Every structure is written in structure tokens, then in C-alpha cells.
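J.: Please find one structure pasted underneath; my questions will follow.
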Amino acid sequence: MQTKDNLFNVFLENTKDLLFVLEIDEDDTFIAYANATAKNRLGYTIEEMNDLTINGFRRSLNELKSFEEHIQKLQENGDMTDYAILICKDKTEFPVEVNAKIVQFGDITYNVAIVRDITQRLEYESKLKGYIKNINFELTNNLHKLQSYKSAMDVNSIVTISDPKGIIKYANDKFYEISGYTKDEVISKNHNIVRHPDTPKETFKDMWETISEKKVWRGKLKNLAKDGTTYIVQIAIVPILDNNGDICEYIATRYEITDIVNKQNKIESLLKTDTLTGLYNRFHLNEIIGSADENTSIALIDINGFHEINDFYGESVGDSVIVALSRIIKNRLSSKYSLFHLSGDEFIVFNKDVQKELFINEMIETNNFLNTKTLKVDEKTFYLNTTMSLSFDTNNLLSSVHMAKTFAKQNALTFNIYTEDNPLEKEYKSNLIWSTRIKKAIQNDKITVFFQPIVDTKTKETIRYEALVRMVSEEGEVISPYFFLDKAKKSNQYTKITKIVIEKSIKAVSKKDISCSINLTIEDILSQDVKEFIFDKLDNCKKCENITFELVESEGIDNFDEVNEFIKTIKSYGCKLAIDDFGTGYSNFEYLLKLNADVIKIDGSLIKEIDKNQDHYDIVKTIVSFAKIKNLGVVAEFVSSPEIHEKIIDLDIDYSQGYLFSEPKPL
């Protein structure tokens, strides 16, 4: 039966550590005991170790150069930890940690040493030091980058950092510069310090609800500087979260858009105003009719025989008559009404506030008044004769009021109110006829594509084509989309036509090796069916870089995220984006900032009279200046004469399109 001493000896002999017991006398130190682990690891017997002496197979790793110095230090301290290199009999080496203690047994002094191989530990420590060194280098490098990013952002961006309650903790120099406040006036204050009283409370309510839900809020804000001046910023507020996912602060970045907004307002004002009379124009009428409700009604005033004045006396006299009449009507009408000059001899009175019976009575009196008026222009006297029509059909205000006017003139009436028994049946019959014609054209492959060149303005060299849909009748007549596209929408055949145009245009790009623009509406982009069709065709097209998609929708964009996702996808194929009819509809500067466009096409209504209309010239000049700043290509549409072309060259517009160069044709 084994004794406890025997069991203890087994443990000592088989431990992973090397165990030594050294006897120390005045003249020498020799090894009295080494466990099996020590002897096996070093390859020496105890006798061989003593013959070598400890200095023969040990080399110190610290300032104690010799083993004698180690013993002397040990005797002074009683115990110590030391580090050394042990040299095996086969000349291999390994580092060790030595835990040594002086033990006095009778008259004899012993050094009991537990020696541990620390090869792996040193390797780990070396790797850890290298890792820490790399981490420190990356941290230092990233700190330098962050400082560079901050410096770059501070050049144009207005930045503040606030706590969860909106109290400002930091503001950059650009904030102080534009607001006019000092650091002492800003830090620890609320952002209300720059809040403009014109900003609706609902805006800030929406802002706080959004960022409190840990979402980014983006918007346009009017701010008030210390000196009372106003500036406008585009702002993004980003919640910053801590390790627990709680909001710890907000970072707000802004860039000033005051100048852009002012220019946009000026352009929009010009676009909404009739240059001859100073009244609102058709463009603005179309805008506000879109918000018509059940209380909305309009009256159309038409000057009978006005073309005779133009033909006999000339356009300048005719224009003077229109201006004089516009003043008479405006002075006659209550401020409750809005007055529009559509074109030529037509005016529209827009009503949203006056009850139906009163509106009818006031319009009858106004028409009677106008029919008794005489005008003196350039010493010439003109006796007015007007026809007035009214409509309360809020679904078709313009078309119905014009039908009422036509009916009045056909029946020699000076006043007429549109009713449902008006011959609208003709239009419905027309819609049915067109629906059938379109269906047959689709079935018989009679929906085709014509191409109109877009040329370099200076060299007149064709750089790409615009694909334009046409329908070919059974008799071979080429029909403009003006006559059938709206009918296609009403008969739910529009998407089929869109797909045909896309397919034939992309096929032309591949086979004819041309660059081509393809028109899309917001309705197309928001249609999952159309989008999937486009992406499928692009997947099989090897020349996607030759395709430009033109956004032609004239209504506002409600879902920017979905539109931008579509733009991002087509650009991943290499396609480009153009904004068509820029200067009308949705295509204003604010929307352009949100869309990653490559090209803008200036609306033809601004171009076709640019050689005669200074206001149109100024609008186009502003648009081109903005485009140059944003590095956008510019195309002028409706270039129909050398005189217009000269103006386009003068404005340094990149590309031109119009009948001066070519009408749309089949390739």
C-alpha cells in the first residue's frame, strides 16, 4: 500500500513544471534534486548538470547576469521571481519563469525553485504587443482621418451637436459665422435661438417624433440670424446611440440653400406669371386646379372676334387690348377671385370661396358690364363683345368650361353654364373608338418608335437620339401620341405601350449601336410591373451605358425613396438619368437636389421664344448656371430656328434638339 510520501513523490516527479532543490554553501551551489520533468526536458542527469554547473545550461533574461548574482539576490530577499533561458543537452533552448525560495533546514540552506516553460506565453505576449501596436496605429490613423473629415465638412456644412433634450453641446465655426452668435451665446442653449417664427409648429413636432424614434429627420428650415436676417438650410438630424441603444446625443448637419431657394422662387414666380398682363398663367392654373374641391368653380371669358383685331391692326395693338382688358376685369372682380390669362383672348376667373348662386350672379353682371365697355388703345376705339362660360364640374373644370364656351358660341349665347347633359357623350364615344384603335395597333405591331437626334450645340454632331412613340393607322398614317396616349391611359393600355417603346428602344441601342433616351413617367417608375420589365431588358443589354432614361412626369414626387431606389438601380447598369421639361411641373431646384440626375432638358416652352422673350432668356440663363455648378449636362428642346440656336450657343448650352436639326424619324 502506497504511503502519502510515495504519492507526494509521484506528484513531484510528474508535474509539468521543472522542480529543482539546490544546496547552497559558502563556496558553491549544487543541485541536490531535480524532478523527472526537469531531467527529461533538459536531457541531463543531475550529475551532468552539476558537472556543467548551473551557469552552463542557464542564461539570464534580466539584469542579474550570472547565477551567483541570482543566488545573492535570492538570499537577500528570501524569495523572488526570475526569468532565464535554459539550454538543453541537444542545444535547443526555451525561456522559463523561475519562482525561487530560500529554505533553511538545520544548518543547510536550500534554494527550492519551481521552473515553468513560458515559450507559449512569450509568443502570445509578442503577438499581443504586435496587435496592440497595429490597433494603436489604426486608431491614430483613424483619428487623423476623422480630423480631416471634420475639417472638410466644416468648410461648407453647418454642424451642431446637442444632448437628448436638444441643448447645444457643440457648434462649428460655420454655425457661428452664419448665425452671428458667439460661442458663449450658443453653448448650453436650445436650438430655438435660430428658430424662425414663420416655421409651422407641425414641422418641429414631426422632427421630434422622427428623431425620438431613432430615425434620421431631413427637411428644409428657415432660420433667423442674430441680426434678424433670414437664411434657409437643408438639414439632416441623426440620433447617436450609446452601447445600450439609447439616444445619447443628436448631430445636425446643414448646408445653406438661401440663394438657391431665392432663385427658385424667382423662376417659379416667372413661370406662374403671364409676361404680357402680369396675371397668373395657364401653368399656375393647372397647379391649383389639381387641389380643387367641391366648392371650386371657374368662369371663362372669351373676347369675340379678337383675331380680327390682331389681323387688322397687328399683334402690338392686340396685345395692348389684352392688357387694357385684363386691368378692367381685375378692377371689376372681388379680391375673393383669382384671375388668369390663358393665352390670346381667354381669361379664367377662379373661385373657391363664393357660393354657387352668388358666383353665377356676379359673373353675369361682370359679363354684362364687359359687353357695354369700350376701349381706347392708340387712339383707336374698340367695342368689347365677350362670351362667358361657367363650370362647377371639379373633375373636368377646364375641359368642361371650354365645351360650355364652344356650345355658347355655336348657339349665339353670351353666357352659358356647363351641365351634365352637355354633349360629353361625344368624348366618351371618342374614347371607345380610340381604345379599339389602340388595341388593334398593339396586336398588329403598329406601335412604333421614331427617333429625334440630340446634337452637340456647337458642332451639330448627333450624340444620341430621343425615342418617341408613334402609332401607325390601318391606312399607314403616322399618329402623334398627343392624340392617343391619354386615351391609352383611360383604357388601361398605357403600360403595354410603355413596354413596347422600352423594348424597341433598347433593341435599337444594341443593334444600331446608338445612344438613346427613353421617356419614363413617375407612374412608370412606381409600377412594379414596368420596373421589372426594364431591369429584365437591361440584364440582356450589353450597351446599357448608351441608355438614358428621361423623367417626364409633370406632377410632384411623393415617394422619393422608391424613385431614388429606381435611379440607383438603373445607374448600377451604367444608364444615365435626365430630367425632362425642366422649369415646369415637379422639375424645380429643390427636387433636382434630391435626384441624382446627369442631364436636365429645359422645357420647350422656355426655349421656343427665347430669342424674343427676355424673361424666358433670364430663366434659362439661371437654370444653365445652376447646372454648370452641379456639373450637369443641359439639353435645349424645341430649337426650331437659327435665331434660337444662336441664343442657345450664347448661353453655352451643351446639347440641342428640335426641327432645326431633324424631325423625329424611324431609324
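The values are calculated or read from the model by the stated rules, or taken from the named source; none is laboratory data. Bear in mind the structure is a predicted one, so any value in this text is a computation, not a measurement. Because the Cβ atoms are built from the backbone with ideal geometry, glycine has one as well, and the counts that use them run over all protein chains shown.
J.: Of the residues Phe20, Phe57, which is under 25 Å from Gly106 (Cα atoms), touching a residue at least 24 places away in the same chain (Cβ under 8 Å), in the same structural domain as Ile85 (by TED's automatic domain parsing) and of a type in the set (Phe, Trp, Tyr)?
T.: Phe20
J.: For Leu86, indicate whether it is in contact with a strand residue (DSSP E or B) (Cβ under 8 Å, 6 or more places away or on another chain) and modelled with pLDDT under 90.
T.: No.
J.: All but one of (1) outside the structural domain of Phe359 (by TED's automatic domain parsing); (2) without any contact (Cβ under 8 Å) to a residue 40 or more places away in the chain; (3) farther than 20 Å from Phe340 by Cβ hold for Glu308; which doesn't?
T.: Condition not satisfied by Glu308: (1).
J.: Tally time: how many residues in segment 359-401 are small (Gly, Ala, Ser), crowded, with 21+ Cβ neighbours inside 10 Å and free of Cβ contacts under 8 Å to residues at least 40 places away in the same chain?
T.: Counting residues in segment 359-401 that are small (Gly, Ala, Ser), crowded, with 21+ Cβ neighbours inside 10 Å and free of Cβ contacts under 8 Å to residues at least 40 places away in the same chain gives 1.
J.: In addition: Considering segment 467-485 alone, what residues qualify as being at pLDDT 90 or above and not aliphatic (A, V, I, L, M)?
T.: Hit for segment 467-485 is Arg470, nothing else.
Residue by residue, here is whether (1) touching a helix residue (DSSP H, G or I) at 6+ places or on another chain (Cβ under 7 Å); (2) at pLDDT 90 or above; (3) under 22 Å from Glu123 (Cβ atoms); (4) not small (Gly, Ala, Ser) holds:
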| residue | (1), (2), (3), (4) |
| --- | --- |
| Leu7 | no, no, no, yes |
| Glu26 | no, no, no, yes |
| Arg41 | no, yes, yes, yes |
| Gly56 | no, no, no, no |
| Ile71 | no, no, no, yes |
| Leu74 | no, no, no, yes |
| Pro95 | yes, yes, yes, yes |
| Gln104 | no, no, no, yes |
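Table: residues versus (1) loosely packed, with under 12 Cβ neighbours inside 10 Å; (2) without any contact (Cβ under 8 Å) to a residue 40 or more places away in the chain; (3) outside any strand (DSSP E or B).
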residue	(1), (2), (3)
Asn223	no, no, no
Ala236	no, yes, no
Pro239	no, yes, no
Asn243	yes, yes, yes
Cys248	no, no, no
Lys266	no, no, yes
Ser269	yes, yes, yes
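J.: Output the residues belonging to segment 250-264 that are exposed (fewer than 15 other Cβ atoms within 10 Å of the Cβ) and charged (D, E, K, R).
T.: Asp259
J.: Any residue that is touching a helix residue (DSSP H, G or I) at 6+ places or on another chain (Cβ under 8 Å), in a helix (DSSP H, G or I), assigned by TED's automatic domain parsing to the domain that holds Met388 and at pLDDT 85 or above - is there at least one of those in segment 344-362?
T.: No: segment 344-362 contains no residue that is touching a helix residue (DSSP H, G or I) at 6+ places or on another chain (Cβ under 8 Å), in a helix (DSSP H, G or I), assigned by TED's automatic domain parsing to the domain that holds Met388 and at pLDDT 85 or above.
J.: Which pairs have Cβ atoms under 9 Å, sit 6 or more apart or on different chains, and link a residue in segment 477-506 that is under 16 Å from Gln452 (Cα atoms) and in contact (Cβ under 8 Å) with a residue 12 or more places away in the chain to one that is charged (D, E, K, R) and in a helix (DSSP H, G or I)?
T.: From residues that are under 16 Å from Gln452 (Cα atoms) and in contact (Cβ under 8 Å) with a residue 12 or more places away in the chain, the pairs are Ile502/Asp524; Ile502/Lys537; Ile506/Lys537.
J.: Moving on to the next point. Right, Tyr176: touching a helix residue (DSSP H, G or I) at 6+ places or on another chain (Cβ under 7 Å), assigned to a loop (DSSP other than H, G, I, E, B) and surrounded by 13 or more Cβ atoms within 10 Å (Cβ to Cβ) or not?
T.: Numbers: touching a helix residue (DSSP H, G or I) at 6+ places or on another chain (Cβ under 7 Å): yes; assigned to a loop (DSSP other than H, G, I, E, B): no; surrounded by 13 or more Cβ atoms within 10 Å (Cβ to Cβ): yes.
In short, no.
J.: Assess whether Ile178 counts as being within 16 Å of Ser157 (Cβ to Cβ), β-branched (Val, Ile, Thr) and in contact with a strand residue (DSSP E or B) (Cβ under 7 Å, 6 or more places away or on another chain).
T.: Yes: the conditions hold for Ile178.
J.: Right, next: Could you identify the single residue in Thr92, Thr45, Thr81 that is in the same structural domain as Glu23 (by TED's automatic domain parsing), closer than 14 Å to Phe20 by Cβ and hydroxyl-bearing (Ser, Thr, Tyr)?
T.: Details: Thr92 fails: closer than 14 Å to Phe20 by Cβ; Thr81 fails: closer than 14 Å to Phe20 by Cβ.
Going through Thr92, Thr45, Thr81 in turn, the sole match is Thr45.
J.: Quick one: which of Lys499, Lys490 is in contact with a Phe, Trp or Tyr (Cβ under 7 Å, 6 or more places away or on another chain), basic (Lys, Arg) and more than 30 Å from Ile648 (Cα to Cα)?
T.: Within the list Lys499, Lys490, the selection yields Lys499.
J.: Hey, among Glu609, Glu646, which residue is among the acidic types (Asp, Glu) and at pLDDT 90 or above?
T.: None of the other options fit; the residue is Glu646.
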